[in-house]
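Heads up: the structure comes next, in structure tokens.
The values are calculated or read from the model by the stated rules, or taken from the named source; none is laboratory data. Keep in mind it's a predicted model, so treat the numbers as computed, not measured. All accessible areas refer to the heavy atoms of the entire protein, side chains included, with ligands and DNA or RNA removed. Shrake-Rupley method; radii C 1.70, N 1.55, O 1.52, S 1.80 Å.
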Amino acid sequence: MPREWSDHLIQVMAAFQTFTTRLIRTQVLSTLTRHLEFEARGIARFGFVPGQWLSFKHTKPDGEEITRAYSIASPPEESNRFALCLNRVEDGYMSNFLCDMKEGDELSCQGPFGDFILRPPMRDTIFVATGTGIAPFRSMLHWLFADDARHQGKNLWLVFGNRTEPDIYYHSEFLQLAAAHNNFHYLPTLSRGAAEWRGLRGYVQEHVPSVVEGRSDMQAYICGLDKMVRANRDLLKSLGWDRKSILYEKYD
């Protein structure tokens with residue numbers, strides 16, 4: 001196993017830490033969705049593995065303590081910064097609190113946590129996401145393509161499902177990755193695409209078979225709501241895939 005992949009796994013076992021984060025940038029991705037960039041105060045380099053998540057804590061005005069988990073949506077860097085991608089949830093206190101934060105505001109955080117991470121050795125891989133389930137895959141894919149040795153020329157597919165074109169978060173980034181890397185195949189699909197949409201239509205599970213047909217030697221990573229995750233897990237198992245080759249994370 002390459003040293004870098006070994007370090008990648010060792011990092012998962014590292015003890016989590018409690019620290020204070022400061023919001024440094026907010027980007028509107030859609031009406032209800034925000035890309036939030038933070039810095040970890042008092043930490044020179046914030047270490048994590050692509051795919052991991054953080055736990056955020058806040059005390060409401062009535063004294064109730066709220067804790068919620070969010071996947072990191074940025075690749076590890078030689079810095080103390082990281083990003084989140086999250087939706088405003090109706091009656092969801094923490095999601096609305098985070099989306100309403102102003103630059104310079106601070107919040108308590110713990111982590112990183114989770115083992116929804118890339119598993120060596122690298123194989124041809126399909127990533128399947130809907131909505132903000134794209135967050136860990138943005139982290140993974142930017143990390144992989146930052147160094148050719150990480151993806152080793154394997155073919156990687158991203159099947160990303162949303163309702164309409166404005167809902168395709170980080171669309172231009174993935175288009176640029178696909179243009180720069182012949183082994184990255186970006187397949188956005190819309191369930192309610194406008195007439196002028198020229199890409200795929202329908203749900204992600206309708207397009208997975210065209211990628212994996214006749215193959216069971218690949219790796220699959222699936223992230224999104226439970227119904228979508230179950231549909232794609234069941235599909236892959238029906239095609240003869242070993243369950244150990246199917247990794248997933250559910251957001252509900």
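Shown for segment 46-151: the carbon plus sulfur share of the solvent-accessible area, taken with all protein chains present and a 1.4 angstrom probe, equals 44%. For the residues T31, T189, T125, a GNM of the chain with alpha-carbon springs under 10 Å puts the largest fluctuation on T31.
Helix 226-238 and the long axis of the chain differ in direction by around 30°, with both axes built from C-alpha atoms.
Springs join every pair of Cα atoms under 10 Å in this Gaussian network model of the chain, and among S216, S238, S30 the largest mean-square fluctuation is at S238.
Compare V211, V229, V49 in a GNM of the chain, Cα atoms joined below 10 Å, and give the one with the largest fluctuation. Highest fluctuation of the listed residues: V211.
Per residue, the accessible area of segment 12-79 comes to 50 Å² when a 1.4 Å probe rolls over the protein heavy atoms. In the context of the full set of protein chains, segment 105-213 has a per residue accessible area of 42 Å² (1.4 Å probe). Computed over segment 101-241, relative contact order equals 28 percent, with contacts defined as Cα pairs under 8 Å that lie 6+ residues apart.
Distances between placed amide hydrogens fall under 5 Å for I66 paired with H58, T59, K60, all partners being 5 or more residues away or on another chain.
Computed from Cα atoms, the angle from the helix 135-145 axis to the main principal axis of the chain rounds to 70 degrees. The H on the amide N of Q17, modeled in the peptide plane, is under 5 Å from the matching H of G111, each at least 5 residues off or on a different chain. Our summary gives the chain a relative contact order of 17 percent, counting only alpha carbon pairs under 8 angstrom and 6 or more residues apart. Angle of helix 171-180 to the longest C-alpha principal axis of the chain, folded into 0 to 90 degrees and rounded to 10: 50°.
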